[in-house]
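Step one of this worksheet: look at the structure below.
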Amino acid sequence: MEEEASLLEQVKIKELELKDKEEKARAEAESIITDAKRRHNEIIEKGRQEGEVLAEKKYSQGMEELDSEIQTMRSEAEVQRQETAARGESKVGDAARRIIEKVAFE
């Protein structure tokens with residue numbers, strides 16, 4: 001009977017050892033999962049921040065290009081305006097003379 005008790009005690013001891021190992025393994029697994037989730041969130045946040053920086057940079061570059069194009073268009077429009085005004089002014093005298101001739105001699 002004592003042998004049985006000793007075997008039973010050995011089984012209980014082994015069960016306790018296995019239960020202890022299981023709990024340690026479970027705690028380690030939970031720690032690994034928690035760490036993985038934390039790193040996942042850090043990677044996501046870092047990506048979001050880098051994306052915002054790149055988007056802002058791209059937006060700024062686009063706005064600079066648009067501003068440059070607008071300035072070019074304004075400069076070209078001003079040149080055309082000045083050329084048109086100069087052509088118009090050069091023809092004012094001739095137009096006035098023709099109007100006077102039509103009004104005075106008809």
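Please treat every number below as a calculation from the coordinates, not as lab data. Treat the numbers as computed from the prediction; the structure is a model and nothing was measured. So basically every Cβ, Gly included, is an ideal-geometry build from the backbone, and we count neighbours across all protein chains shown.
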Problem set entry | Computed [θ] at 222 nm, helices only, for the chain once each DSSP H run of length n ≥ 4 contributes -39500 (n - 2.57) | -38000 deg cm²/dmol
For this session: Give me D for the range 15-106 in µm² s⁻¹, whole number, from Stokes-Einstein with Rh from the Kirkwood sum over alpha-carbon pairs, 20 °C and 1.002 mPa s.
Result: 101 µm²/s
Seminar exercise, completed: If unit charges are put on Cβ atoms (+1 for Lys and Arg, -1 for Asp and Glu) and the dipole of the chain is taken about its Cα centre, the option from 49, 100, 62 lying farthest towards the positive end turns out to be 100
For this session: Could you work out how far helix 2-105 tilts from the main Cα principal axis of the chain, as a 0 to 90 degree angle to the nearest 10?
Result: 0 degrees
Exercise. What spacing in nm lies between the two simple spin-label points modelled at residue 21 and residue 38, each 7 Å away from Cα in the Cβ direction?
Worked result: 2.8 nm
For this session: In a Gaussian network model over the chain where Cα atoms closer than 10 Å are linked, find which of 27, 96, 86 has the largest mean-square fluctuation.
Result: 96
Exercise. In debye to the nearest 20, how big a dipole does the chain give about its Cα centre with +1 on each Lys and Arg Cβ and -1 on each Asp and Glu Cβ?
Worked result: 1100 debye
Exercise. Pick from 65, 42, 15: which is most flexible by mean-square fluctuation in a GNM of the chain where alpha carbon atoms under 10 Å apart are linked?
Worked result: 15
Seminar exercise, completed: Taking the convex hull of the alpha-carbon atoms of the range 1-57 and averaging its shadow over every direction gives an area in square nanometres of 3.2 nm²
